[in-house]
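Just below is one structure, and these are the notes that go with it.
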Amino acid sequence: MTANDTSTGQPPAATYDSAFLKACRREPVPHTPVWFMRQAGRSLPEYRKVREGVAMLESCTRPELVTEITLQPVRRHGVDAAIYYSDIVVPLKAIGVDLDIKPGVGPVVEQPVRTRADLARLRDLTPEDVPYVTEAVGLLTRELGGTPLIGFAGAPFTLASYLVEGGPSRTYENAKAMMYGDPALWADLLDRLADITAAFLKVQIEAGASAVQLFDSWAGALAPADYRTSVMSASAKVFDAVAGYGVPRIHFGVGTGELLGLMGEAGADVVGVDWRVPLDEAQRRVGPGKALQGNLDPTVLFTDKDTVAAKTREVLDAAAGLEGHVFNLGHGVPPNTDPEALTRLAEYVHTATAR
């Protein structure tokens, strides 16, 4: 079986007993599972080779290329899960938003969403808009066998921040101005984006993804009260929409130490933690009934082997009392990381935590 059995809400049989899915379900594991955010990407020479001359958004629409890029870190590092190669703006592009990913800048939106009339441009996403996703996930699940595939999507707040700002921002002044100054328009925008995001995740799950991660990359810009009032319900809508599939749902943001409890409350089964908060403290903030994911500082990878091992041991020690733990970095793999450091790190975690 290579696709989810949506009638029973169970992931593929080959992956169900994997260490990664067991940890997400807070069950005993043979070792702490490992995967890395941005494990498929610029740190790998084989990635740079296959991406030569291919624009980022175009690469996300080629099923064979998506499959190859997604598989590369699984082959090289021996990680316990693959993550679907995509970008958070892919579903926006698929519904006709005029945007591009500019090298060295990031996603740039030609006409930012600033008015209610602009909101009308955001139509519903259907599986027919992203046939390449269905095809790529099908190819991947056949290749991966017992290794789970994690589906991927950007959370409503982070998507909204790009749409309203027109591109990356350090202050989110336009997005926050809408959130504070026109809360009805802001709520409708996030609600629309929640529907689009949920539809994008459903396509991946129905094609065979065994888990999903919602990236709220910029949620750390929010105060807890604003997150609860103006953002949380949209993320909860996404998680609720895919709850019936029975696959683990992971929620991650950067700089979200003050939001960890709320992010879990939004509906995640696994809360991702960046490197700023130790995992034992993160568990106190999140509360019982959730697994945690994280959280080695990615810059540690630029030190020597002994330092990497020592800092990794600190993370594992802080995770010792968790109900479930998926080892990851506290953010994505930096582009100039030595791939061998990641391979050694995965092997170290597996060896150090072998039951």
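Some observations on this one:
- Probe 1.4 Å, accessible area per residue of the range 110-225, Å²: 37 Å²
- For Cα extents along the principal axes in Å, the value computed from the atomic coordinates appears in the list (1) 57, 43, 42; (2) 57, 47, 43; (3) 56, 48, 39 under label (1).
- The range 125-182-the range 281-323 distance, computed between alpha-carbon centres (Å): 26 Å
- Per-pair calculated FRET efficiency, R0 = 35 Å: Leu119 and Ala310 via Cβ, rounded to 0.05: 0.10
- In nm, spacing of pseudo-spin labels at Val105 and Glu258 (7 Å Cα→C-beta vector): 3.1 nm
- Relative to the current alpha-carbon distance between Ala177 and Arg42, full extension at 0.36 nm per residue lengthens the span by 45.1 nm.
- Convex hull per residue volume in Å³, alpha carbons only, for the range 264-315: 73 Å³
- Restricted to Cα atoms, the range 313-355 shows a radius of gyration and a Dmax of 11.6, 34 angstrom.
- Per-residue accessible area (protein heavy atoms, 1.4 Å probe) orders Thr197, Thr61 as Thr61, Thr197, starting from the largest.
- Largest to smallest principal axis extent of the C-alpha atoms in the range 169-234, angstrom: 41, 22, 21
- Entries of Lys93/Lys176; Lys102/Lys202; Lys202/Lys311; Lys176/Lys311; Lys22/Lys102 with Cα pairs more than 31 Å apart: Lys202/Lys311; Lys176/Lys311; Lys22/Lys102
- Virtual spin-label span in nm between Thr299 and Ala354, 7 Å along Cα→Cβ: 3.4 nm
- Sequence-distant residues sharing a close amide H with Leu99 (under 5 Å, placed H): Glu110
- Helix axis angle, 183-207 relative to the chain longest principal axis, alpha carbon, degrees: 50 degrees
- Each Cα pair of the range 231-355 feeds into the Kirkwood radius, which the Stokes-Einstein equation turns, at 4 °C and 1.567 mPa s, into a diffusion coefficient of 85 µm²/s.
- Sulfur and carbon atoms: percent of accessible area, the chain [1.4 Å]: 50 percent
- Translational diffusion coefficient (Stokes-Einstein; Kirkwood radius from C-alpha pairs) of the range 1-153 at 25 °C, 0.890 mPa s, in µm²/s: 143 µm²/s
- Debye equation applied to the C-alpha atoms of the range 72-206, log10 I(q)/I(0) at 0.17, 0.20 Å⁻¹: -0.92, -1.14
- Mean ellipticity per residue at 222 nm, deg cm²/dmol - from DSSP H runs of n ≥ 4 across the chain, formula -39500 (n - 2.57): -13000 deg cm²/dmol
- Neighbourhood net charge (10 Å Cβ-Cβ; Lys/Arg +1, Asp/Glu -1) for Thr67: -2
- Ranking Thr147, Thr67 by solvent-accessible area of protein heavy atoms (1.4 Å probe, all protein chains present), from largest to smallest, gives Thr147, Thr67.
- Label-point gap, in nm, between Thr343 and Lys49 - each point 7 angstrom along Cα→Cβ: 1.3 nm
- Candidates Val277, Val54, Val231, ranked by Gaussian network fluctuation over the chain, Cα under 10 Å, top entry: Val54
- Contour excess over end-to-end distance, with Cα ends at Arg284 and Met56 and 0.36 nm allotted per residue: 78.2 nm
- Listed residues Tyr348, Tyr84 arranged by accessible area, highest first, probe 1.4 Å: Tyr348, Tyr84
The values are calculated or read from the model by the stated rules, or taken from the named source; none is laboratory data. Just so we're clear, the structure is a prediction, and the values are computed from it rather than from any experiment. Note that we place each Cβ from the backbone using ideal geometry, even for glycine, and neighbour counts take in every protein chain shown. Protein only, heavy atoms only, side chains kept; ligands, DNA and RNA dropped before computing areas. Shrake-Rupley method; radii C 1.70, N 1.55, O 1.52, S 1.80 Å.
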